[in-house]
Amino acid sequence: MQTKRSILIGRIISTICLTALAIIWILPLIWAFGASFKPDTLTDVDSIFPSSGNWYFGWYEQLFSFTSLDYPVLRWTLNSLVVGLIHTCLYLIVVSFAAYALVFLDWKFKNAIFTIILSSMMFPGIVTMVPLYDFMDSLGIAGNPSWIYLIGCILPGLGGVFGLFLIRSFFLGLPKELIEACKIDGCNNFQIFFKVILPLGKNAVFVAAIFAFLGNWNDFLWPSLLAAGGADIIAREWLTLPVGLSVLASGRTGDTSPLAGAFISVIPVMIVYIFAQKYIISGVSRSGIK
């Protein structure tokens with residue numbers, strides 16, 4: 001009886017704590033949503049939402065206007081979407097094949113090489129920004145006012161280690177006897193990977209895809225650095241959404257159009273998490289990550 005009571009008290013306390021954290025997390029989003037409908041945040045600071053009858057939809061109309069050449073939010077959103085999807089597809093190809101090779105193929109020093117690759121996670125990404133920028137500049141990608149700039153936003157993230165670690169951890173839990181049986185039946189490595197391993201590891205691959213896409217979608221520092229001055233060099237139509245929103249927010253006081261743009265950028269992330277929540281939990285838990 002005492003144990004059940006302790007469990008009940010623990011659940012009540014954890015529920016209260018999680019609810020409080022959820023409220024703290026969601027309050028800024030609610031404030032940004034309400035403020036995005038205010039004509040001026042400097043003159044309307046008494047409430048989160050505009051007063052009755054004072055809702056202003058002009059900022060959203062301006063952002064979604066196809067004639068708004070100075071701040072083409074729809075074009076920025078399309079750029080980020082294209083970059084994110086291409087980056088995710090290429091990244092999954094790299095890390096899934098690498099994970100298969102590190103788990104199911106027999107070759108010397110594979111564990112040592114994986115340890116070296118994994119150790120790169122100890123270094124913050126900011127350390128490699130300058131040499132990476134110099135490399136992109138030597139290829140003519142940095143500051144290129146065309147679609148080539150978007151290529152520079154795709155390539156660097158393909159070396160991310162987290163997705164490799166996640167998928168490899170999942171593959172380690174698969175029975176190697178299954179691979180041996182496939183080889184006895186005459187299957188080559190490509191057939192084994194696409195017909196056996198990939199279907200079994202789809203949850204881990206899906207989780208890696210989500211993190212890769214969201215990481216690329218929210219990335220601001222590298223695209224901004226690659227633009228070498230943002231809109232001063234790169235034509236605004238080629239900017240990604242985070243960089244474009246920074247241009248939108250610069251030099252504005254009281255204007256809540258940046259908040260409207262920021263809230264628009266949050267919507268895809270929320271949709272992904274809502275529909276992919278069960279895959280994230282399943283993929284992470286079955287990969288052995290605690």
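Rule-based calculations on the coordinates, nothing more; no lab input. What you see is a predicted model, and the numbers here were worked out from it, not measured in a lab. So basically every Cβ, Gly included, is an ideal-geometry build from the backbone, and we count neighbours across all protein chains shown.
For segment 92-236, treating each Cα as an identical point scatterer without solvent, what Debye log10 I(q)/I(0) comes out at q = 0.16 1/Å? Summing over Cα pairs of segment 92-236 leads to -0.91.
Per residue, the average separation of C-alpha pairs within less than 8 Å and at least 6 apart gives segment 136-223 a relative contact order of 36 percent. Applying 1/(1 + (r/R0)^6) with R0 = 25 Å to the Cβ-Cβ distance of S120 and T19 gives a FRET efficiency near 0.05.
If the chain linking W147 and I26 were pulled fully straight, counting 0.36 nm for each residue of separation and taking away their Cα-Cα distance, it would gain 40.0 nm. Treating r as the C-beta distance of C187 and K110 and R0 as 25 Å, the FRET efficiency rounds to 0.75.
On the principal axes of its alpha carbon atoms, segment 88-152 extends 45, 25, 17 Å, with the longest extent given first.
For the pair V269 and I7, a Förster radius of 51 Å applied to the C-beta separation gives a FRET efficiency near 0.90, rounded to the nearest 0.05. You can think of it this way: the chain between F97 and K176 has 26.8 nm of extra reach, that is 0.36 nm per residue less the Cα-Cα gap. For segment 10-19, the Karplus equation 6.51 cos²θ - 1.76 cosθ + 1.60, evaluated at θ = phi - 60°, returns couplings of x, 5, 5, 5, 5, 5, 5, 5, 5, 5 Hz by residue, with Gly and Pro reported as x.
Express in nm, to one decimal, how much length is gained between F194 and F33 on full extension, taking 0.36 nm for each residue of separation and deducting their alpha carbon distance. Show your work: numbers first, answer last.
Working: separation 161, 0.36 × 161 = 57.96 nm, distance 4.40 nm.
Result: 53.6 nm gained on full extension.
Return the equivalent ellipsoid semi-axes of segment 143-189 as a descending list in whole Å, where each equals the square root of 5 times an eigenvalue of the C-alpha gyration tensor. Spell out each step's value before the answer.
Numbers: eigenvalues 302, 46, 4 Å².
In descending order the semi-axes read 39, 15, 5 Å.
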